[in-house]
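The values are calculated or read from the model by the stated rules, or taken from the named source; none is laboratory data. All values reported here derive from a predicted model rather than from experimental measurement. Positions of Cβ are backbone-derived with ideal geometry, glycine not excepted, and every protein chain shown enters the neighbour counts. With ligands, DNA and RNA removed, areas are computed over all heavy atoms of the protein, side chains included. Shrake-Rupley method; radii C 1.70, N 1.55, O 1.52, S 1.80 Å.
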Amino acid sequence: MAPSQTLARKVKPDAFAQSPAVMGLQDTTFSDYLSEQNIALVMFYNPSCPECQRCKPHFVKAANTAKKEAGHIFAAVNCAEFPHVCKMENVFNRHLPAFLLYARGKKLSEVVNYMDYKELRKLVEECPFFPPNKPHTP
């Protein structure tokens with residue numbers, strides 16, 4: 001079985017989001033999974049955080065209504081369960097939830113202002129993506 005197929009089997013829908021359109025990432029899958037995705041919007045949250053509870057429906061609706069382009073995903077990380085990932089991405093230094101946008105695993109930007117589902121969806125759908133360079137063959 002190819003490594004990406006094995007990784008895809010390890011990544012399941014996030015329990016907090018309760019939607020098959022939002023994948024749950026953890027310390028063992030975070031970097032590798034995001035590096036395989038063209039564009040990813042990741043919500044970092046704590047399930048007991050009131051603001052996270054308030055933002056969750058917008059994030060889930062954005063994921064459920066987004067155009068399903070290849071390699072465009074929505075994912076989430078539970079900072080209470082996987083604090084190492086949140087520390088690695090420097091999200092403990094600010095208010096949760098934190099929304100970070102990635103292209104092929106590289107952080108492009110973070111959302112600092114509250115956004116509704118339409119704005120979150122647009123962020124992913126309209127993000128420019130530059131595919132990796134193909135090896136030059138003579």
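Observations
- When restricted to residues that are open to solvent by less than 60 Å² (accessible area, probe 1.4 Å) and either at pLDDT below 75 or assigned to a loop (DSSP other than H, G, I, E, B) (or both), region 110-128 contains 3.
- Single condition Val91 does not satisfy, out of (1) part of a loop (DSSP other than H, G, I, E, B); (2) open to solvent by 10 Å² or more (accessible area, probe 1.4 Å); (3) closer than 21 Å to Phe16 by Cα: (2)
- Of everything in region 8-37 that is assigned to a helix (DSSP H, G or I) and of a type in the set (Gly, Ala, Ser), the residue that is surrounded by the fewest Cβ atoms within 10 Å (Cβ to Cβ) is Ser31.
- Any hit, region 70-84, residues being at pLDDT below 90, open to solvent by 20 Å² or more (accessible area, probe 1.4 Å) and assigned to a strand (DSSP E or B): yes
Let's see how each residue does on (1) of a type outside the set (A, V, I, L, M); (2) closer than 21 Å to Tyr117 by Cβ:
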| site | (1), (2) |
| --- | --- |
| His58 | yes, yes |
| Ala63 | no, yes |
| Asn78 | yes, yes |
| Pro83 | yes, no |
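- First in region 84-107 and in contact (Cβ under 8 Å) with a residue 40 or more places away in the chain, second anywhere and aromatic (Phe, Trp, Tyr) and surrounded by fewer than 18 Cβ atoms within 10 Å (Cβ to Cβ), Cβ under 6 Å, 6 or more apart: Cys86/Phe92; Ala103/Phe129
- Scanning region 96-109 for any residue that is at pLDDT 95 or above, touching a Leu at 6+ places or on another chain (Cβ under 9 Å) and open to solvent by 90 Å² or more (accessible area, probe 1.4 Å) turns up nothing.
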